[in-house]
1. Could you tell me which of the pairs Lys2/Lys211; Lys2/Lys125; Lys96/Lys160; Lys75/Lys211; Lys2/Lys96 are separated by over 26 angstrom between their Cα atoms in the structure shown?
2. Explain nothing, just the number: relative contact order of the chain, from Cα pairs under 8 Å at least 6 residues apart, as a whole percent.
3. How much net charge surrounds Ile3 when only the other residues with a Cβ under 11 Å from the Cβ of Ile3 are counted, with Lys and Arg +1 and Asp and Glu -1?
4. Take peptides 182-188, 130-136 and line them up by average Cβ neighbours within 10 Å, highest first, as a rough protection proxy.
5. Which listed residue (Gln142, Gly120, Leu166) has the Cα farthest towards the positive end of the charge dipole for the range 112-170, taking +1 on Lys and Arg C-beta and -1 on Asp and Glu C-beta about the Cα centre?
6. Where Lys and Arg each count +1 and Asp and Glu each count -1, what net charge lies around Thr47 among other residues with Cβ under 11 Å from its Cβ?
7. Can you send over the carbon and sulfur percentage of the accessible area for the chain, probe radius 1.4 Å, protein chains only?
8. Placing +1 at every Lys and Arg Cβ and -1 at every Asp and Glu Cβ, with all other atoms neutral, what dipole size does the chain have around its Cα centre, in debye to the nearest 20?
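The values are calculated or read from the model by the stated rules, or taken from the named source; none is laboratory data. This one's a predicted model, so the numbers in the text were calculated from it and none came from an experiment. Reconstructed Cβ throughout: ideal geometry from the backbone, glycine too, with neighbour counts over all protein chains shown. The accessibility values were calculated without ligands, DNA or RNA, using every heavy atom of the protein model including side chains. Shrake-Rupley method; radii C 1.70, N 1.55, O 1.52, S 1.80 Å.
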Amino acid sequence: MKIGIIGAGNIGGNLTRRLTALGHEVAVANSRGPQTLTALAEETGATPVTVEEAADGARIVVVTIPLKNVPDLPKGFLDGAADGFVVIDTGNYYPKERDGRIAAIEEGLTESRWTEQHIGHPVIKAFNGTYAQDLLDRPRPQGAPERIALPVAGDDEEAKRLVRELIDELGFDTVDAGGIDDSWRQQPATPVYGLRAGVAEITEALAAAPKERPAAHSF
């Protein structure tokens, strides 16, 4: 499958490593330009591209950049994606540490709904509470007792199915976390965020999430 990854930080870089190793055709971009991705490209075989080119022909586009930078993504950056393409959003809102105050999120909009509104396309929220190193160190075969599960939220069931299949291929179970309006259950400081556990515990943690945004993650 052709996959475009926008953002080559910890999550983006390790997804590039894993997905190329699994045989997917990966194009990777960052804000500094393809010339800064030479080492990652040489290591993985991924193709370094500009942000404008990352989605070209892609069945899946992963947006894994700081939330505050989402509005700066170039207009039309998804125009060249394949028919029926899916966007994975790995983003989190860190108002005090990085992003500053985003009024719509403070007023109750989920982080991924805000991202959808800016990029003009539905997203599937996944990997946002995953430790980047776990992508390399913790894949396990189906049925392994220590296999961990990741929550996945989204409104499009077919898109969600494709993402869950990809995560299974990466070596992790998944739990359906509902629609994007439910994705507050996996935002930072919720019980599931960063939880390394199996399906049952992840399901329980999602159910236990408080609706109120924690003060530590408000501006």
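1. Listed pairs above 26 Å: Lys2/Lys211; Lys96/Lys160; Lys75/Lys211; Lys2/Lys96.
2. The normalised contact order for the chain reaches 17 percent.
3. +2
4. Top of the packing list down: 182-188, 130-136.
5. Among Gln142, Gly120, Leu166, the one farthest towards the positive end of the dipole of the range 112-170 is Gln142.
6. -2
7. Carbon and sulfur atoms account for 48 percent of the accessible area of the chain.
8. 500
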